[in-house]
Amino acid sequence: AIKTYDNIDDYSVGHSTPSPTILEEVIQNTIHHLASGSHMISGAAQGRFLSSITSITREGRVLEIGTFTGYATICFLER
């Protein structure tokens, strides 16, 4: 049977490596402490993309301008 997806985010996450458990902790802490801003977290699909593009660069350096609760920063640091 062919698996279908409701949206592109579900498809992206379904075809990506699983996120580290620390990212789920960041999401839960953000919801608990900053509920009104929890929609600003990068999310699994974007996080997997950030991790992928930083892992294929040879420089080993990333310049991140601004951060919210560190979700994207953790994704940059995965290697």
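Take the conditions (1) assigned to a helix (DSSP H, G or I); (2) open to solvent by 50 Å² or more (accessible area, probe 1.4 Å); (3) among the small types (Gly, Ala, Ser); residue 1 misses just one of them, which is (1). Might you check whether a residue that is surrounded by 10 or more Cβ atoms within 10 Å (Cβ to Cβ), more than 16 Å from the chain's Cα centre (by Cα) and more than 14 Å from residue 78 (Cα to Cα) occurs anywhere in segment 15-34? Yes, some residue in segment 15-34 is surrounded by 10 or more Cβ atoms within 10 Å (Cβ to Cβ), more than 16 Å from the chain's Cα centre (by Cα) and more than 14 Å from residue 78 (Cα to Cα). Of the set (1) part of a helix (DSSP H, G or I); (2) open to solvent by 40 Å² or more (accessible area, probe 1.4 Å); (3) of a type in the set (Ser, Thr, Tyr), all apply to residue 57 but (1). In the condition set (1) loosely packed, with under 11 Cβ neighbours inside 10 Å; (2) in contact with a helix residue (DSSP H, G or I) (Cβ under 7 Å, 6 or more places away or on another chain); (3) not aromatic (Phe, Trp, Tyr), residue 38 is compliant with all but (1).
If you check 27, 65, 31 for being modelled with pLDDT of 90 or more, β-branched (Val, Ile, Thr) and touching a helix residue (DSSP H, G or I) at 6+ places or on another chain (Cβ under 6 Å), only one passes: 31. Can you confirm whether residue 76 is part of a helix (DSSP H, G or I) and out of contact with any Phe, Trp or Tyr (no Cβ under 9 Å at 6 or more places or on another chain)? When the stated conditions are applied, residue 76 passes them.
Within this structure, residue 37 passes the test of being part of a helix (DSSP H, G or I), farther than 30 Å from residue 3 by Cβ and modelled with pLDDT under 90.
The values are calculated or read from the model by the stated rules, or taken from the named source; none is laboratory data. Quantities reported herein were computed from a predicted structural model and do not represent experimental measurements. With ideal geometry, Cβ positions are generated from the backbone for all residues, glycine too; neighbour counts draw on all protein chains shown. For accessibility, only protein heavy atoms count, side chains too; no ligands or nucleic acids. Shrake-Rupley method; radii C 1.70, N 1.55, O 1.52, S 1.80 Å.
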